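Every read-out reported here was derived from the displayed coordinates using simple, explicitly stated rules and does not represent laboratory data. This one's a predicted model, so the numbers in the text were calculated from it and none came from an experiment. Methodologically, a virtual Cβ is constructed for each residue, glycine included, from the backbone with ideal geometry; neighbour enumeration extends over all protein chains shown.
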Amino acid sequence: MGRDAWYGRDVLSILDFSRADLELLFDSADSIVDQPVRTKKSLAGKIVATAFFEPSTRTRLSFSAAALKLGADVIDLSPDVSSLLKGESLSDTMRMLDGYADLIAMRHPSEGAALLASEVASVPIVNGGDGSQHHPSQAMLDLFTVKRLKGRIDGLNYAVLGDIRYARSAASFLYGLARYKPGKVSLVSPESLRPRNEVKDTIKKVGLKTEQHDDLESIIADVDVIYMTRIQKERFPDPNEYEKVKGSYRITKGSLANAKKGSIVLHALPRTNELAYEVDSLPNAAYMKQARFGVPVRMALLDLVLGGAKK
Amino acid sequence: MNDKETMLVQKISDGTVIDHVSAGKALSVLRLLGNPQNREGVTVALVMNVGSSKMGRKDILKVEGVELTDDQVQKLALIAPLASVNIIRSYRVLEKKNAVPPKTVRGVLSCTGATCVSVREKDSISSVFTMASSSPLTYRCKYCGRDLNEQEIASQLG
Ligand SMILES: [Zn+2]
């Protein structure tokens, strides 16, 4: 129980973890945030590999920084090297890294790539995003941010905004919420960016109730946490459709005028034009803090999985 | 088996008779079984589109020299869920097996998701599907969670 629940485990989907597992992670991250000087080099002598087959500077550097802060060494399969390995199967590449590292943090464009990697590698795999459903460490830090800033995750009303079809952060966040008892969970997106069947099925299976809305305005007065995603033009088959809908999913000072007092805006970043810079100075803007929690939450995660603090 | 069928195909001494195959699916069943007729010492007889009181029309396969394994019987159920399998030794029915769709299917089906790792990496790994529903028959990809429905399964195998 407790720490043992994490030790040596693959982190493929947030759905693999119970509420108690997540609470343990958040407690550990809390102490890293609150007492940074007491954080030990608990992973000295370990090697963490980052293998990113799709560019994501933010997530990759965040894993690297987390590992380095805990005293681990980091080896990196950078995107240009991984493209050199294009002729090699993912299984072979992961087997190679398995021989070099104590843990592999990876990102891959294909659905299920991390699951495949976990089948061929003996060391723990941490999924830094694969396909369009799973990005567990992001969901963990998103929930941690809600808990830090709002004091709880249960009972709050959530609105997940924008691209719920392709944005893996949105799907993972919803799966994470399913481990809690949220109030109303609203999905606010245009028809073409609503969740796909397999995501809808999973949401239903894990017992999360959601409501679909076309715009945020009608519900914003009641929402505690606004979870934003990037709306990418290339996701729309018809560019006119993008032009038509992009305004409805954009957050500005004006669109937050009727927001609930104390509500927060989250965004996994990087942003495009869906999140106006003028919002940064508002008390609702929580995404910069959220980004800063990336390292401590990943530190807590690496520490639990590699069992460093036990020694 | 009635006289008319007996006229069409002789009884087999050792092997498997697969009866109650949906009409038109006999060749798909052969493919599913790895085309045993290409192997030394195996004879296959097909009876296609014969009348059946139970099914209207049906196909029958007689595979001399091969006893279907339980695994093969399970796969058979993917495209011929009503099939009955008789294992024959010395002209007698040794065992009857009903085709039951398997809980897990490896390597036989392909995921329809273009971004699924089982599709992208198909040279190095096998697909894995688990049954999501028995009626209608639906299988879910282990890697991406997409479902294959009855028609998709049938079209992939036939
Ligand atoms: Zn798949």
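A crude spin-label estimate for the pair B:Glu150 and A:Ala44, with each label 7 Å from Cα along the Cβ direction, gives 6.6 nm. Other protein chain C-beta atoms within 10 Å of residue C-beta, averaged over B:110-117: 5. Pairs of Cα atoms nearer than 8 Å and 6+ residues apart set the relative contact order; for the range A:1-102 it is 27 percent. Which residues does a label at B:Arg39 reach in the range B:85-129, if reach means a backbone N under 19 Å from a point 7 Å past the Cα toward the Cβ? Output list for this probe position: B:85-91, B:94-95, B:97, B:106-108. The calculated FRET efficiency for the pair A:Asp27 and A:Ser122, based on their C-beta separation and a Förster distance of 41 Å, comes to about 0.90. Counting Cβ atoms of other protein chains within 10 Å of each residue's Cβ and taking the mean over peptide A:101-111 gives 3. Put in line by how crowded their Cβ is, counting other Cβ atoms within 10 Å and starting with the fewest, B:Ile60, A:Ile164, A:Ile219 read A:Ile219, B:Ile60, A:Ile164. Projection of the Cα convex hull of the range A:38-134, averaged over all directions and equal to a quarter of that hull's surface, yields 6.0 nm². Considering only A:Gly155, A:Ile219, A:Phe236, the residue lying farthest towards the positive end of the dipole of the range A:136-291 is A:Gly155, judged by Cα position with unit charges set on Cβ.
Sequence-distant contacts, meaning Cα pairs under 8 Å at least 6 residues apart, place the relative contact order of chain A at 21 percent. Relative contact order (percent) for the range A:136-291, with alpha-carbon contacts under 8 angstrom and 6 or more residues of separation? Relative contact order of the range A:136-291: 24 percent. Taking amide H as placed 1.01 Å from N in the peptide plane, B:Cys116 has its amide H under 5 Å from the amide H of A:Glu111, each at least 5 places away in sequence or on another chain.
Take the Cα radius of gyration of the range A:136-291 and divide it by 2.2 N^0.38 Å, N being the number of residues; the result is 0.95. In order along the range A:154-166, the phi-based Karplus estimate (6.51 cos²θ - 1.76 cosθ + 1.60, θ = phi - 60°) of 3J(HN,Hα) comes to 5, x, 8, 9, 10, 10, 9, 10, x, 8, 9, 8, 10 Hz; Gly and Pro are listed as x. Taking label positions 7 Å along the Cα-Cβ direction at both B:Arg92 and A:Glu241, the computed distance is 6.6 nm, reported to one decimal.
Stretching A:Lys181 away from A:Asp4 to a fully extended chain increases their span by 61.2 nm, per 0.36 nm per residue minus the current alpha-carbon distance. Dividing the Cα radius of gyration of the protein assembly as shown by its Kirkwood radius returns 1.09 for Rg/Rh. Per-residue extension of 0.36 nm, minus the Cα-Cα distance of A:Ala276 and A:Asp201, leaves a gain of 23.7 nm for this segment.
Around the amide H of A:His267, modelled in the peptide plane, lie the amide H atoms of A:Met228, A:Tyr287, all under 5 Å away and 5 or more residues distant in sequence or on another chain.
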